[in-house]
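Novice: Please find one structure pasted underneath; my questions will follow.
The values are calculated or read from the model by the stated rules, or taken from the named source; none is laboratory data. For clarity, every value in this text was computed on a predicted model and none was experimentally measured. We place every Cβ from the backbone using ideal geometry, glycine too, and count neighbours over all the protein chains shown.
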Amino acid sequence: MNHLVSTSLLAADFANLSRDVQLVNKSRADWIHCDIMDGLFVPNISFGFPVIECVKKIAEKPLDVHLMIVDPDRYLARWKETGAAVLTVQYEACVHLNRTVNEIRHLGMKAGVAVNPHTPVSLLKNILPYIDMVLIMTVNPGFGGQTFIGESYNKIAELRGMIDNGGYDVLIQVDGGVDTDNAPKLVETGVNVLVAGNTVFSSRDPVETIRKLKNLEV
């Protein structure tokens, strides 16, 4: 399949969030990525239900919601109500991961599992049959604009082998330091979904930057 681009609102101008969502609507982006942070699992607080509900009203792309929070099970149904099409939880935050991802699917959302840079992808072997996507964090989660961790390529290649050898229908998503320079190698290594925030919204022409990420014209 052709790779997808999920544009991260964490790097948008919060004072002009409606404008930036409309910008993404007009672009070739496939999804809108929403990072939800609680200040506990990661050392930052982003936005919650009221903001994402407002985004949903104007978004013309599916909402790709990444929960960087402790005890995400408390809010699964609420995120479905808020408009999430894809809901990703952190491997490190889930005590009963199989139950969590099954509930996400039961609610009608695609289920994703994210792993931090220090977490081996080999730990995901037994959960792959039950999920739709793995998000490999290619920076330490919590803040945008960080430098891509080069070791991530090895993790992506290892996970790609696990998915292909098992015959699983699971997407690989990466988030953190993705730009027009490393995007081609990421896709070549096996990535299906590129999350890009700072690269898009700090550029002179965000729509054109999204087009380049989508077409891999660099």
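Novice: Quick check: anything in segment 50-57 more than 17 Å from the chain's Cα centre (by Cα), at pLDDT below 95 and of a type outside the set (S, T, N, Q)?
Specialist: Looking through segment 50-57, none of the residues is more than 17 Å from the chain's Cα centre (by Cα), at pLDDT below 95 and of a type outside the set (S, T, N, Q).
Novice: Examine segment 93-109 for a residue that is in a strand (DSSP E or B) and touching a residue at least 12 places away in the same chain (Cβ under 8 Å), and state whether such a residue exists. Break it down into steps so the answer makes sense when it comes.
Specialist: First, pick out the residues of segment 93-109 that are in a strand (DSSP E or B): none.
No: zero hits.
Novice: Still on this structure, please answer the following. Using the structure shown, decide if V101 is in contact with a strand residue (DSSP E or B) (Cβ under 8 Å, 6 or more places away or on another chain) and either surrounded by 19 or more Cβ atoms within 10 Å (Cβ to Cβ) or aromatic (F, W, Y) (or both).
Specialist: Here the answer is yes, as V101 does meet what is asked.
Novice: How many residues does segment 113-138 contain that are surrounded by 18 or more Cβ atoms within 10 Å (Cβ to Cβ), assigned to a loop (DSSP other than H, G, I, E, B) and either in contact (Cβ under 8 Å) with a residue 40 or more places away in the chain or touching a Gly at 6+ places or on another chain (Cβ under 9 Å) (or both)?
Specialist: 3
Novice: Can you confirm whether T147 is in contact (Cβ under 8 Å) with a residue 12 or more places away in the chain, surrounded by fewer than 16 Cβ atoms within 10 Å (Cβ to Cβ), among the polar types (S, T, N, Q) and under 28 Å from S202 (Cα atoms)?
Specialist: Working: in contact (Cβ under 8 Å) with a residue 12 or more places away in the chain: yes; surrounded by fewer than 16 Cβ atoms within 10 Å (Cβ to Cβ): yes; among the polar types (S, T, N, Q): yes; under 28 Å from S202 (Cα atoms): yes.
Taking the combined requirement at face value, the residue satisfies it.
Novice: If you don't mind, there's one more thing I want to ask. Among (1) of a type in the set (A, V, I, L, M); (2) touching a His at 6+ places or on another chain (Cβ under 8 Å); (3) at pLDDT below 95, there is one condition L9 misses while meeting the rest; what is its number?
Specialist: (3)
Novice: If you don't mind, another one. For segment 139-176, give me each residue that is under 15 Å from the mean Cα position of the chain (by Cα), assigned to a loop (DSSP other than H, G, I, E, B) and among the β-branched types (V, I, T).
Specialist: Once the filter is applied, which keeps residues that are under 15 Å from the mean Cα position of the chain (by Cα), assigned to a loop (DSSP other than H, G, I, E, B) and among the β-branched types (V, I, T), segment 139-176 yields V139, V170.
Novice: I would also like to ask the following. Within segment 112-121, is even one residue of a type in the set (S, T, N, Q), at pLDDT 95 or above and farther than 22 Å from P43 by Cα?
Specialist: No - not one qualifying residue is present in segment 112-121.
Novice: Within the group L40, L17, L9, which residue is buried (at least 17 other Cβ atoms within 10 Å of the Cβ) and either in contact (Cβ under 8 Å) with a residue 12 or more places away in the chain or touching a helix residue (DSSP H, G or I) at 6+ places or on another chain (Cβ under 6 Å) (or both)?
Specialist: Working: L40 fails: buried (at least 17 other Cβ atoms within 10 Å of the Cβ); L17 fails: buried (at least 17 other Cβ atoms within 10 Å of the Cβ).
Criteria check complete, one pass: L9.
Novice: For segment 182-216, which residues satisfy the criterion of being outside any helix (DSSP H, G or I) and free of Cβ contacts under 8 Å to residues at least 12 places away in the same chain?
Specialist: The answer is S203, R204, D205.
Novice: Here is a further query. Please state which of the following conditions D179 fails to meet, knowing it meets all the rest: (1) within 17 Å of W31 (Cα to Cα); (2) within 19 Å of the chain's Cα centre (by Cα); (3) in a helix (DSSP H, G or I); (4) of a type in the set (D, E, K, R).
Specialist: Among (1) within 17 Å of W31 (Cα to Cα); (2) within 19 Å of the chain's Cα centre (by Cα); (3) in a helix (DSSP H, G or I); (4) of a type in the set (D, E, K, R), the lone unmet condition for D179 is (3).
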